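Here the structure comes first, spelled out in structure tokens, and everything after it is commentary.
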Amino acid sequence: MVTHECIRLYPEDILHLYPIVPIGTPVNIIYEPVKIGFKTGRIFIEVHEDIYHRIPDLFQSTLDKLERRGLKNLVELDKLKEALDQRSGFPVDITSDFDHGK
């Protein structure tokens, strides 16, 4: 969890990035213990431990993120809560299977 100014990459990514990124290029390291993603029309959440304790209420913070993106009504809150409790570090599908059209 500590980089010591090193970025861990897969070897194939290093081969791709090295020739196109000049030495000294500034980067921003973003602290995001909760990531939201999409694949084939589904909403996924990837939750890691908040090791710096920067987010006092992970559930509310995540709900706020989902709301700002117009996604809150498309996720199942029980799935969201379970993913936040487990903090597995792996993407978890939190899409509601409720048919919103009926």
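The values are calculated or read from the model by the stated rules, or taken from the named source; none is laboratory data. This structure is a prediction, so every number in the text was calculated from the model and none was measured. Don't worry about glycine lacking a Cβ; one is built from the backbone with ideal geometry, like all the others, and counts go over all protein chains shown.
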Given the structure, is Leu66 under 23 Å from Phe98 (Cα atoms), aliphatic (A, V, I, L, M) and either assigned to a loop (DSSP other than H, G, I, E, B) or touching a helix residue (DSSP H, G or I) at 6+ places or on another chain (Cβ under 6 Å) (or both)?
yes
Across region 30-52, what is the number of residues that are more than 14 Å from the chain's Cα centre (by Cα) and either of a type in the set (S, T, N, Q) or closer than 23 Å to Arg8 by Cβ (or both)?
3
Can you say whether Phe44 is touching a Pro at 6+ places or on another chain (Cβ under 6 Å) and modelled with pLDDT of 95 or more, as far as the supplied structure shows?
yes
Going through (1) surrounded by 10 or more Cβ atoms within 10 Å (Cβ to Cβ); (2) without any contact (Cβ under 8 Å) to a residue 40 or more places away in the chain; (3) not in a helix (DSSP H, G or I) one by one, Pro26 fails only at (1)
Residue by residue through region 69-102, note down the ones that are touching a residue at least 40 places away in the same chain (Cβ under 8 Å) and either part of a strand (DSSP E or B) or of a type outside the set (Lys, Arg) (or both).
Leu84, Ser88, Gly89, Phe90, Pro91, Val92, Asp93, Ile94, Thr95
Select from region 15-29 the residues that are within 22 Å of the chain's Cα centre (by Cα) and among the β-branched types (Val, Ile, Thr) and write down the one among them that is farthest from Lys65 (Cα to Cα).
Val27
